[in-house]
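Just so you know, all these numbers are worked out from the coordinates, no wet-lab data involved. Note that this is a predicted model, so its numbers are computed, not measured. Here the Cβ positions follow ideal geometry from the backbone for every residue, glycine too, while neighbour counts run over all protein chains shown.
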Protein chains: 2
Amino acid sequence: MKQVASMAISLGLLGFGSTLGFASDAPQERIVRLAELEIFPEQVQAYTAALKEEIETSIRVEPGVLTLYAVAVKDHPDQIRLFESYSSMEAYQAHLQTAHFKKYKAETQKMVKSLKLIETNPILLGSKP
Amino acid sequence: MKQVASMAISLGLLGFGSTLGFASDAPQERIVRLAELEIFPEQVQAYTAALKEEIETSIRVEPGVLTLYAVAVKDHPDQIRLFESYSSMEAYQAHLQTAHFKKYKAETQKMVKSLKLIETNPILLGSKP
């Protein structure tokens, strides 16, 4: 299971360990991080545009960026939640050094009222294959 | 874009709107929900087993359950976060009525110290295709 998962990741596939689309106990290398942001209300539109660009670029050009899910809490467009997964710690560290991530951070620095980063241990990442 | 995304969902594919794997502005039907749970520490192992079974079954048998990601906050195995996505509100409502979900709820009812459900508006759900 672990080997299969590692292969899938290195091939730039979904990174899930089986045809059913589960990444679980197995891929210990997989990094999952959550982020909770509060954006200054008047900056929500500009922030969202910058975030979308950053996500699109990261998914397109970085093999180790597996998912970048961004949602806003319902009725609170200034409260953003991110669910991020990377194939390894190296992939995450590399992401932080990319030009597009640095551009996003610089552009949005003054739009962000608060930022909480949450490291996690994946239990089971189930998705459609 | 909206039509393409809807087609992908109805075909039971990833539900993403393009070959790059994005579900964004487009699929307004897509339901994304977050959950934050605190589990009684002595029940974490039993809760995790029940949760895994529920996720595996839901992904396998319910076409409208697209992702069920479960993680624990690092160094706090009793703090669980879920990222759930469904192809539509109907799919979500149907999920709540399944035998496996009801079994999970009944089994875990007394293991859960607190449960916070968060409705969201997706901004951009980026993932590897």
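Descriptive notes on the structure:
- Exercise: per-residue mean of other protein chain Cβ atoms within 10 Å, A:50-62: 3
- Local charge for B:THR98 was computed over the other residues whose Cβ lies under 10 Å away, with Lys and Arg +1 and Asp and Glu -1, and equals 0.
- Under the simplified labelling scheme, the B:GLN97-B:LYS110 pair shows an inter-label distance of 3.0 nm, with each label point 7 Å from Cα along Cα→Cβ.
- Sequence ranges A:72-79, B:110-117, A:53-60, ranked by mean other-Cβ count within 10 angstrom, highest first: A:53-60, A:72-79, B:110-117
- Pairs beyond 31 Å (Cα-Cα), from A:LYS105/B:LYS52; A:LYS116/B:LYS102; A:LYS52/B:LYS103; A:LYS74/B:LYS113; A:LYS102/B:LYS128: A:LYS105/B:LYS52; A:LYS116/B:LYS102; A:LYS52/B:LYS103
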